[in-house]
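> One structure, pasted below without further comment.
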Amino acid sequence: MAYNGQRLSASTELSAPLPAGPSALADDFSAVLENATGHRSTIGCVIPAYNEEESISAVLQSLLAQTRVPDVIHVVVNNTTDATVKIASQFAGPHEITTDLGQQFTEVFVHDIGQNPDKKVGALNYGYALVEGYDYLLGVDGDTMADPQAVEYLETEAMSDSRIGGISAIYSIDDRPIKGLVAKFLIAGQRTQFAAFNLQNLLRGRNMAVLGGQLSIFSTTALRQVMTANHQTSPWVKDSEVEDSLLSLQIKSAGYLTKISPFARADVGGMTTLRGYDAQQVKWTYGSIELMWPGQRGDTKGQPFHPNLRLRWWENLGMLTNLFVRVAFLSLLAGSLSIGAFIFSPLWLIPPVVATLLNLRVAYSMKNRNGRDIAFAALLFPAEIFMWIRISHFLRSWTRFLSRKRVDNWAMQARAERGGGSAHWMPLVLLIAVIVAMGAIWSMLGPGVQSTILWIGWPVVGVVTVLQTLGMVFKLLRRHQGYAV
């Protein structure tokens, strides 16, 4: 008989120590912990798993080692071709666990749903049907290792405010097992990218734009209201490339809060190859553009003014500015050198110095920072190379979106993670082609036209760079309010 989901505990008082963080928030959180003596919520955990044989064992071990163990854990394996089912099945069955909060019980179920055209979305909805009677659905990716108190912190805050529809943990990547120069470089960049994104959301009143599927808890009451309001038979839909972003928008539109926890943490799986990272980022960016774009794209209605998408607009504007400044500066520099009109100014050093200081501040905001994180920020060149890689994702995403060519970005990411595909080299090929074309056009222009282009171009680039630098200075001087990401 399946376990009925009720949590049994020898103690009804929560007394886990709080990690370092903003003092006022910590005091409020302590009060919530001390007063959490009445109703015990029920948590159903859903783990969508696709070819996770290398990580599923560690994921389940991290959940069974929680101070607050989920009442039931459903591993939903879909489209898998490896030993995920076999490994996960070793954990199947009831578990009686002694924790700091007393004796707890859970049961692990493993479901192999075979070929599933809806992929992760289908697995999540399958899991939802199994736990819809619980108070909360805990979504965990098949390569996410949660810190021991992560579920406890998510549950406690969710219970403290009925307006909360979902809470996300702070994500990072454990870089200790990573081998290889390229892989270490990519993981360092992704750790910085996660840190900056988490910090932005924490400083925006802890309003989380995206309740990522890596480790988030959802109120099943909120999910039911989302389904009713949007005429859906399940919480997640396959209309969008970013199912978690779309659901977060719907939860917010239903009148609930979407938050990020300042305490719950988890390490997620990172991309260790250029093609894998490219495919993931293009899928994410493409899906975000669909949600931002006015009008209707297939079954996805754009919501350009939705509060959860404001950060996305700023991100895309920032990437466009980064692209313009770099391409324009290098083009004008090459043009100036070609006619002997280059004059160096020490003022040009200010933007890269400010950028380096900002990268260092982000690195020092990481709770588990290491020497590689500091070096990535301080040496400038690694961060600059990583920015060019991100610009290539930005360009490919917008080009694919504006072309209106429908592609299966999920399938392309899966193929890239298996080592297939070469589309990630296309931006470099186009860049070389553009450089050759611009050089040829420049050589055909007369001296007067060349001088006019430089006379107009340098001030324009200068103004944009000054504004961009002022934005970085503002971020550099902004108080982090004690948050650590």
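The values are calculated or read from the model by the stated rules, or taken from the named source; none is laboratory data. Keep in mind that what you see is a predicted model, and the values were worked out from it rather than measured. In this analysis, Cβ positions are derived from the backbone assuming ideal geometry, glycine residues included, and neighbour counts consider all displayed protein chains.
> Could you please find all residues in the range 365-374 being farther than 13 Å from residue 194 by Cα and either in contact with a helix residue (DSSP H, G or I) (Cβ under 7 Å, 6 or more places away or on another chain) or free of Cβ contacts under 8 Å to residues at least 24 places away in the same chain (or both)?
371, 372, 374
> Which pairs turn up if I take residues in the range 259-273 that are farther than 16 Å from residue 204 by Cα and look for partners that are acidic (Asp, Glu) with beta carbon separation below 6 Å, at least 6 apart in sequence or on another chain?
265/147; 267/174; 269/143
> Of all the residues that make up the range 179-212, how many are surrounded by 17 or more Cβ atoms within 10 Å (Cβ to Cβ) and part of a loop (DSSP other than H, G, I, E, B)?
6
> Which numbered condition in (1) in contact with a His (Cβ under 7 Å, 6 or more places away or on another chain); (2) closer than 18 Å to residue 325 by Cα is the only one that residue 365 fails?
Every listed condition holds for residue 365 apart from (2).
> Do we have any residue at all in the range 233-241 that's assigned by TED's automatic domain parsing to the domain that holds residue 184, within 17 Å of the chain's Cα centre (by Cα), in contact (Cβ under 8 Å) with a residue 12 or more places away in the chain and in a loop (DSSP other than H, G, I, E, B)?
Taking every residue of the range 233-241 in turn, at least one turns out to be assigned by TED's automatic domain parsing to the domain that holds residue 184, within 17 Å of the chain's Cα centre (by Cα), in contact (Cβ under 8 Å) with a residue 12 or more places away in the chain and in a loop (DSSP other than H, G, I, E, B).
> Identify all residues within the range 258-284 that are of a type in the set (Gly, Ala, Ser), surrounded by fewer than 23 Cβ atoms within 10 Å (Cβ to Cβ) and in a helix (DSSP H, G or I); write none if there are none.
The answer is 276, and nothing else.
> Just to be sure I understand, how many residues within the range 297-309 are touching a residue at least 40 places away in the same chain (Cβ under 8 Å) and out of contact with any Ser or Thr (no Cβ under 9 Å at 6 or more places or on another chain)?
So the answer is 2.
> Further question on the same structure: Among the residues of the range 317-326, is any of a type in the set (Lys, Arg) and either without any contact (Cβ under 8 Å) to a residue 40 or more places away in the chain or crowded, with 18+ Cβ neighbours inside 10 Å (or both)? Talk me through it step by step, then tell me what you get.
From the range 317-326, those of a type in the set (Lys, Arg) are 326; that's our starting set.
Then keep just the ones that are either without any contact (Cβ under 8 Å) to a residue 40 or more places away in the chain or crowded, with 18+ Cβ neighbours inside 10 Å (or both); that gives none.
No, every residue in the range 317-326 fails to be of a type in the set (Lys, Arg) and either without any contact (Cβ under 8 Å) to a residue 40 or more places away in the chain or crowded, with 18+ Cβ neighbours inside 10 Å (or both).
> Follow-up. Can you tell me how many residues in the range 341-356 are of a type in the set (A, V, I, L, M) and crowded, with 16+ Cβ neighbours inside 10 Å?
Residues of the range 341-356 of a type in the set (A, V, I, L, M): 341, 343, 347, 349-350, 353-355.
Now drop any that are not crowded, with 16+ Cβ neighbours inside 10 Å, which leaves 354-355.
Matching residues across the range 341-356 total 2.
> What's the number of the only condition in (1) closer than 30 Å to residue 452 by Cα; (2) part of a loop (DSSP other than H, G, I, E, B) that residue 367 fails to meet?
Looking at each condition in turn, residue 367 falls short on (1).
> Now, a different point. So if I check each of 391, 343, which one is within 30 Å of residue 441 (Cβ to Cβ) and not in a helix (DSSP H, G or I)?
Only one candidate passes the filter, namely 343.
> Right, here's the next one. Among what's in the range 83-125 and is within 26 Å of the chain's Cα centre (by Cα) and under 15 Å from residue 142 (Cα atoms), pick the residue that is surrounded by the most Cβ atoms within 10 Å (Cβ to Cβ). So that I can check it myself, show each step before the final result.
Filtering the range 83-125 down to residues within 26 Å of the chain's Cα centre (by Cα) leaves 84, 88, 116-125.
Narrowing further to those that are under 15 Å from residue 142 (Cα atoms): 84, 88, 119-124.
On the way: 84: 24, 88: 28, 119: 18, 120: 22, 121: 25, 122: 20, 123: 26, 124: 24.
For the range 83-125, the residue satisfying everything is 88.
> Right, next: Return the residue satisfying two criteria in turn: it lies in the range 137-151 and is of a type outside the set (A, V, I, L, M, F, W, C) and more than 11 Å from residue 167 (Cα to Cα), and of such residues it is surrounded by the fewest Cβ atoms within 10 Å (Cβ to Cβ).
Per the criteria, the residue is 148.
> Test residue 308 against the criterion of being over 30 Å from residue 165 (Cα atoms) and of a type outside the set (D, E, K, R), and give yes or no.
no
> Identify all residues within the range 126-136 that are aliphatic (A, V, I, L, M) and crowded, with 22+ Cβ neighbours inside 10 Å; write none if there are none.
131
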